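Below is one structure, written out as structure tokens; the observations come after it.
The values are calculated or read from the model by the stated rules, or taken from the named source; none is laboratory data. From a predicted model like this one, the values you see are computed outputs, not experimental measurements. FYI the Cβ positions are ideal-geometry reconstructions off the backbone, even for glycines, and counts take in every protein chain you see.
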Amino acid sequence: MPGPDAQAVCVVGACGRMGEAVRRALAVEPRLRLAAALEAPGHPELGREIGPGVTLRDDPKAALAGCAVAIDFTLPASTLAALRAAADAGVAYVTGTTGLSAPEREELAALARRVPVLQAANFSLAVNVLVWLAREAARRLGPGYDAEIVELHHAGKRDAPSGTALRLAQAIAEGRGASAAERLVLERAGEPGARPEGAIGVQALRGGDNPGEHTVLFVGRGERLELAHRASTRDHFARGAVRAAAWLVGRPPGLYGLEQLLGL
Ligand code: NAD
């Protein structure tokens, strides 16, 4: 039986769109409880009590003390800063922050040798099934079907294309036995010329308050296959992250993905 500390969660970016959704999801998760909340230095709500006995702080070390696991949806730099403190404190770490650079991803992997880290570009169960479907469709359709990905997100999203779109591109490349990095086409303007064979095109649309849509198209001659996922709220992402946190507590250090949790 986990002791009380094994249930203690620190929410990193607690006042963000996802941070608020995570706090709502924690309120109905019996295996975990909100124990600490971290926000950016200078945030107007710092010092306010945002849960029973939980004060919003800006010091990762103080916020993480006594917690078993952190759940983070922030910015790449703040994810790394809080994860460094979590590694020092032996706190497991769940992160959904997207847009990490290659050196940031390397540092995250190095820190995951000290504590268990679960990273996912998308915590939706259905999106993870979509990734699996995209890989299988690419494998079975072969090179005669051109792969294009279109994503739509709210106007405030900072990174483009979305982490999920890049993951879908990776899955399509895996299905074809190719390298995604060499096949990605992120822009078309002017005279790009004919579509390179095997290209995986990704287009990012932005607007309104949309929590996220992804469509994968396999365009053949005289037919096309479309696989689409549309999110209408952020709540299922938050529920997935909370479920991941409950799963991660007590696991050995390592970098985990949702595939292990979902058995995909
Ligand atoms: P947001 O801007 O609404 O929230 C980010 C929060 O992080 C803000 O409250 C901000 O003040 C806080 N923050 C900034 N610096 C901080 C620091 N140093 N310490 C602590 N907190 C800090 O953004 P959002 O829509 O909630 O998205 C956050 C991230 O999560 C983005 O990278 C987004 O792409 C990603 N996201 C992932 C999933 C998923 O399923 N993996 C789903 C939705 C969003």
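State all residues of the stretch 10-28 that are farther than 17 Å from residue 59 by Cβ, in contact (Cβ under 8 Å) with a residue 60 or more places away in the chain and either more than 6 Å from the ligand (Cβ to nearest atom) or of a type in the set (Lys, Arg) (or both); if no residue qualifies, say none. Quick ask: steps written out before the conclusion?
Taking the stretch 10-28 first, the residues farther than 17 Å from residue 59 by Cβ are 16-18, 20-28.
Now narrow it down to the ones that are in contact (Cβ under 8 Å) with a residue 60 or more places away in the chain: 17-18, 21-22, 24-26.
Passing the criteria: 17, 21, 22, 24, 25, 26.
Looking only at residues that are within 22 Å of the chain's Cα centre (by Cα) and farther than 14 Å from residue 94 by Cβ in the stretch 37-46, which one is surrounded by the fewest Cβ atoms within 10 Å (Cβ to Cβ)? Steps first, answer last, please.
Going residue by residue through the stretch 37-46, those that are within 22 Å of the chain's Cα centre (by Cα) are 37-40.
Filter once more, so that each one left must be farther than 14 Å from residue 94 by Cβ: 37, 39-40.
Values: 37: 26, 39: 24, 40: 14.
This residue is 40.
Residue by residue, here is whether (1) modelled with pLDDT of 95 or more; (2) out of contact with any Lys or Arg (no Cβ under 7 Å at 6 or more places or on another chain) holds:
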position: 1; (1), (2): no, yes
position: 9; (1), (2): yes, no
position: 12; (1), (2): yes, yes
position: 15; (1), (2): yes, yes
position: 21; (1), (2): yes, no
position: 33; (1), (2): yes, yes
position: 45; (1), (2): yes, yes
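For residue 149, state whether it is part of a strand (DSSP E or B) and either more than 15 Å from the ligand (Cβ to nearest atom) or among the hydroxyl-bearing types (Ser, Thr, Tyr) (or both). Step through it out loud before you land on a result.
Numbers: part of a strand (DSSP E or B): yes; either more than 15 Å from the ligand (Cβ to nearest atom) or among the hydroxyl-bearing types (Ser, Thr, Tyr) (or both): yes.
In short, yes.
Restricting attention to the stretch 80-100, and to residues there that are over 11 Å from the mean Cα position of the chain (by Cα) and within 8 Å of the ligand (Cβ to nearest atom), which single residue is surrounded by the most Cβ atoms within 10 Å (Cβ to Cβ)?
Ranking the candidates gives 82 first.
Give 182, 174 a once-over and let me know the one that is assigned to a helix (DSSP H, G or I) and surrounded by fewer than 16 Cβ atoms within 10 Å (Cβ to Cβ). So that I can check it myself, show each step before the final result.
Details: 174 fails: surrounded by fewer than 16 Cβ atoms within 10 Å (Cβ to Cβ).
Sole residue among the options that is assigned to a helix (DSSP H, G or I) and surrounded by fewer than 16 Cβ atoms within 10 Å (Cβ to Cβ): 182.
Which of the residues that make up the stretch 200-219 are among the small types (Gly, Ala, Ser) and within 13 Å of the ligand (Cβ to nearest atom)? Lay out the reasoning, then the answer.
In the first step, residues of the stretch 200-219 are kept if they are among the small types (Gly, Ala, Ser); the result is 201, 204, 207-208, 212.
Across the stretch 200-219, the qualifying residues are 204, 212.
Taking the residues in the stretch 37-53 that are small (Gly, Ala, Ser) and in contact with a Leu (Cβ under 7 Å, 6 or more places away or on another chain) as candidates, determine which candidate is farthest from residue 6 (Cα to Cα). Break it down into steps so the answer makes sense when it comes.
To start, the set of residues in the stretch 37-53 that are small (Gly, Ala, Ser) comprises 37, 40, 42, 47, 51, 53.
This time we only want the ones that are in contact with a Leu (Cβ under 7 Å, 6 or more places away or on another chain), so: 37, 47, 51.
Numbers: 37: 16, 47: 25, 51: 18 Å.
Among residues in the stretch 37-53 that are small (Gly, Ala, Ser) and in contact with a Leu (Cβ under 7 Å, 6 or more places away or on another chain), the one farthest from residue 6 (Cα to Cα) is 47.
Any idea how many residues of the stretch 53-79 are away from the ligand (no atom under 11 Å from the Cβ) and touching a residue at least 24 places away in the same chain (Cβ under 8 Å)?
Going through the stretch 53-79 one residue at a time, the tally reaches 7.
All but one of (1) assigned to a helix (DSSP H, G or I); (2) within 10 Å of the ligand (Cβ to nearest atom) hold for residue 156; state the number of the condition that does not hold.
Among (1) assigned to a helix (DSSP H, G or I); (2) within 10 Å of the ligand (Cβ to nearest atom), the lone unmet condition for residue 156 is (1).
All but one of (1) hydrophobic (A, V, I, L, M, F, W, C); (2) within 16 Å of the ligand (Cβ to nearest atom); (3) at pLDDT 95 or above hold for residue 125, so report the exception by its number.
The failed condition is (3).
Could you run through the stretch 229-264 and say how many residues are touching a Leu at 6+ places or on another chain (Cβ under 8 Å) and closer than 23 Å to residue 150 by Cα?
Matching residues across the stretch 229-264 total 3.
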